[in-house]
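Here's the structure we're looking at; comments come further down.
The values are calculated or read from the model by the stated rules, or taken from the named source; none is laboratory data. This one's a predicted model, so the numbers in the text were calculated from it and none came from an experiment. Cβ coordinates were reconstructed from backbone atoms using ideal geometry, including for glycine residues, and neighbour counts include every protein chain displayed. Side chains included, ligands, DNA and RNA excluded: accessible areas come from the protein's heavy atoms. Shrake-Rupley method; radii C 1.70, N 1.55, O 1.52, S 1.80 Å.
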Amino acid sequence: MITRREMLQTAAAGAALAAVPTLFATAKAQAKTKVFTLPKLPYAYDALEPSIDAETMKIHHDIHHQGYVNNLNKALAGMPDWLSKPVGEVITHLKELPEKVRIAVRNNGGGHYNHSFFWQVMTRPGGPGPKGDLLKAIESSFGGLDGFKKAFTTAATGRFGSGWAWLIPGKDKPLAIVSSPNQDNPLMAGGPRPILGVDVWEHAYYLKYHAARGKYVEAWYNVVNWDHVAANFARKR
Ligand code: MN
């Protein structure tokens with residue numbers, strides 16, 4: 001025979017069990033609502049000195065890049081399917097987005113993708129230059145490293161206003177150079193993933209170089225992470 005006390009216990013256990021699926025459902029919903037987050041810099045703020053000063057790196061990463069991440073999350077709020085995609089996928093499917101958020105996602109998704117990429121292609125000054133297959137590709141595309149730098153600097157300094165210069169896989173030659181305005185990049189236009197890129201927004205260099213973008217780009221070559229660039233070149237695209 002079941003006592004009243006046992007019955008109450010059973011009822012309590014039943015209530016607790018009934019609550020379990022609700023808790024799971026809530027946890028699942030929370031786990032699903034992924035948002036974009038700011039990646040950590042792969043080095044200290046001052047690691048790129050003297051080419052890029054620590055204050056510029058801190059502002060660029062902690063404020064500018066964080067801003068793109070925040071605004072991307074804001075633009076895609078309530079759209080968990082989009083929030084759960086890798087940012088590279090988001091920016092290659094802009095046309096599928098509702099028109100009212102498309103420009104915000106283009107600018108801020110582009111900003112998030114481009115900066116996440118940019119931190120990776122830099123490292124402490126004094127690293128090794130390009131070698132192996134990458135060096136061969138640079139030689140056959142631009143006549144050598146100096147020829148590459150000349151063409152890349154022309155693209156970077158010739159970009160009117162804010163934007164980026166990119167090294168991408170070429171069509172008739174192994175490598176090609178393009179530039180894009182704002183936070184656009186070659187991927188958005190249905191092109192290949194970039195191999196190397198330089199940010200030529202004033203926020204990337206103004207504190208140290210003021211309006212001398214060419215001097216910034218010249219100094220920036222000293223912090224290119226050529227091993228990472230070689231890995232980008234070697235991947236399937
Ligand atoms: Mn930037």
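Numbers for the structure displayed
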| quantity | calculated |
| --- | --- |
| Kirkwood hydrodynamic radius of the range 157-237, Cα pairs, Å | 13.5 Å |
| Globularity index of the range 54-105, i.e. its alpha-carbon radius of gyration over 2.2 N^0.38 Å | 1.29 |
| Entries in Lys173/Lys208; Lys171/Lys208; Lys149/Lys208; Lys150/Lys171; Lys58/Lys215 that, when Cα-Cα distance is taken, lie over 25 Å | Lys173/Lys208; Lys171/Lys208 |
| Cα-based radius of gyration of the range 42-134 once divided by 2.2 N^0.38 Å, which approximates compact folds | 1.31 |
| Enclosed volume per residue, in Å³, of the convex hull spanned by Cα atoms of the range 95-188 | 126 Å³ |
| Contact order relative to length of the chain, as percent, for alpha carbon pairs under 8 angstrom and 6 or more apart | 20 percent |
| Listed peptides 109-117, 97-105 by packing density, highest first (mean Cβ within 10 Å) | 109-117, 97-105 |
| Around Thr157: net Lys/Arg minus Asp/Glu count, Cβ-Cβ under 14 Å | +2 |
| For the chain, accessible area per residue (1.4 Å probe, heavy atoms of protein chains only), Å² | 55 Å² |
| Longest to shortest principal axis, alpha-carbon extents of the chain, angstrom | 93, 38, 37 |
| Of all accessible heavy-atom area on the chain, the percent that carbon and sulfur account for (1.4 Å) | 58 percent |
